[in-house]
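Since every read-out is calculated from the coordinates, none of them should be taken as a lab result. Treat the numbers as computed from the prediction; the structure is a model and nothing was measured. Here the Cβ positions follow ideal geometry from the backbone for every residue, glycine too, while neighbour counts run over all protein chains shown.
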Amino acid sequence: MAMTRRGVVGTATVAATGAVAACTGSGGSSKTPLKIDHPVTVTILTNGTFAGPGADIQRQQYERVFRLSQPNVTVDFQATGVTGAEYIAKLLSLTVAGTGPDVLYSGLADMPSLVAKNISRPIDDLVKADGSFKAADFFDVHWNAWKFDGKQRGVPWQGGPLVTYYNKNLFEAAGAALPTDATWTWDAWRDAGNKLKRAMASGGEPRWPTEVGNWQPWIYDTGGAILDKAMTKCLLDSPQAVAGFQTMADFIHRDQIAPRPQEAAGQTNAQHFMNSRYAIILMNRQNASAEGFIQPWVAVVPLPKGPAGRYSQSPFDGFGLGSGTKAPAAAWEVLKFRTGDALRRALHAQGLGGVPAVKATATSQEYLNEKLPPEWNKVFVDMMNIVRLPPPTPKWSDVEPVVGQVYQQIQRGDAAPAAALKDLVPRVNALLQAP
């Protein structure tokens, strides 16, 4: 099927103008032509399945909006049916076979791997040639996230910071000050946890003031780093990184304001929060849209601020061009459509979508009034500048789960932070230096 699909694209491209065919996978020149005056079919490939309301809206927008401005471009919507490493493997096999997509989905953490495997094409020539396209329309952190080895490798789609959700009723019952942007620090978090611990002690089932969240902010908020700038050496045994993991461990084992993983097993953090077994959780926007989560007693503030600042990781995603596309001008138009404001607003209007990468969408009524209260949605946008990106290395997909395993060991009490991180560093270095 893929061979047939690529055959359609190849035939249409041969029929297109010589100017369009002159665009090259190496990035071309600043004079890359964008005119499309012959029929071209462009394949766009995503992970997972292309079905459901989101797929229906994309098809509708394609017919009602895109085809009006680009009548010569036919979009072939495809999906691999797989995610994660299987999706990357599928992209690689299609590319090697010469049947890769013209436009492809990518998570930001996977983007360096796509470049290393020559799956994606830089788009700098197309950005420069298109006077109607402005990188400034996107949040800087989003746009710059797709730069790798000095080239723009895609257009961002969505992603935002984690935030703090807290139970106002439990805070008030414990006599703890309600968090604010200015006051919510690691010290305030611990102080609130100690008050909440006393107030939440009664009752049949265990309850905890807070959970400890993902591991990256504990490193960033102490001024630590994961890897050096060359992406060849792990820095997680630095004093800053050790201090961050030690504070996390203290919340669990010394202060006893957060549970060990085995103590809170069986339900998600959001479910524990909704059942008042947590007073505080650190979570993204998407999971807050679970049925029943939005309640009068739930409030939102940014993440707690550590000694060196307030930072969050984020699973950004976006779309790029396949390295083998023979119709870069047409593929560029499809890429703009798929990551543009019009489609994003249409999705938000139906309750679908994450934190948008386009500034205009992020201030639109479709986004601000979608699923969550407007003031919650605004927090995600206002805190976009605290997002720290994953280290730009093809090895990140190997490194991240290894660090996560050590983080879990420390949470369980199986290892002390300093010793665990000292043991971790050579293992990560070996992954970074592996061929």
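You can think of it this way: the chain between residue 168 and residue 49 has 38.9 nm of extra reach, that is 0.36 nm per residue less the Cα-Cα gap. Taking 0.36 nm per residue of separation and subtracting the Cα-Cα distance, full extension of the segment from residue 185 to residue 132 would add 14.8 nm. The Cα atoms of segment 362-435 define a convex hull whose projected area, averaged across directions, is 7.8 nm².
Here's how it looks for residue 75: its modeled amide H is under 5 Å from those of 42, which are all 5 or more places away or on a different chain.
Comparing 321, 196, 68 in a Gaussian network model of the chain where C-alpha atoms under 10 Å apart are linked, the largest mean-square fluctuation is found at 68.
The GNM of the chain, with springs linking C-alpha atoms under 10 angstrom apart, assigns the highest mean-square fluctuation among 190, 277, 64 to 64. From the residues 259, 402, 145, which one has its Cα farthest along the dipole of the chain in the positive direction, the dipole being from +1 and -1 charges on Cβ of Lys/Arg and Asp/Glu about the Cα centre? It is 145, whose Cα lies furthest towards the positive end. Using Cβ point charges alone (K and R +1, D and E -1), the dipole size of the chain about the Cα centre works out to roughly 460 debye.
Peptides 324-330, 151-157 ranked from most to least packed, by the mean per-residue count of other Cβ atoms within 10 Å: 324-330, 151-157.
Placing a label point 7 Å from the Cα of residue 295 along the Cα-to-Cβ direction, the residues of segment 187-206 whose backbone N falls under 19 Å from that point are 193, 196-206. Relative to the dominant Cα principal axis of the chain, helix 328-338 is inclined by about 40°. Using a cutoff of 8 angstrom between alpha carbon atoms and counting only pairs six or more residues apart, the relative contact order for the chain works out to 24 percent. Each other residue within a Cβ distance under 15 Å of residue 393 adds +1 if Lys or Arg and -1 if Asp or Glu, for a net charge of +2. Looking at this model, which pairs from 90/229; 117/336; 134/359 are more than 21 angstrom apart at the alpha-carbon? Violating the 21 Å Cα-Cα cut-off are 90/229; 117/336.
Using a Gaussian network model of the chain whose springs link C-alpha atoms within less than 10 Å, name the residue from 390, 259, 374 with the highest mean-square fluctuation. Maximum fluctuation in the GNM of the chain, among the listed residues, is at 374.
In µm²/s, what is D for the chain at 20 °C and 1.002 mPa s, where D = kT/(6 pi eta Rh) by Stokes-Einstein and Rh is the Kirkwood radius from Cα pairs? Calculated translational D: 92 µm²/s.
Taking a ≥ b ≥ c as the square roots of the eigenvalues of the Cα gyration tensor, segment 127-205 is classed as prolate, since a/c reaches at least 1.5 and a/b is larger than b/c.
Taking label points 7 Å from Cα along the Cα-to-Cβ direction, residue 235 and residue 117 give a separation of 2.9 nm. The packing ranking, built from the mean of other Cβ atoms within 10 Å per residue, places the peptides 246-253, 334-341, 120-127 in the order 120-127, 334-341, 246-253, highest first.
Packing around the peptides 33-40, 393-400, taken as the average count of other Cβ atoms within 10 Å per residue, puts them in this order, highest first: 393-400, 33-40.
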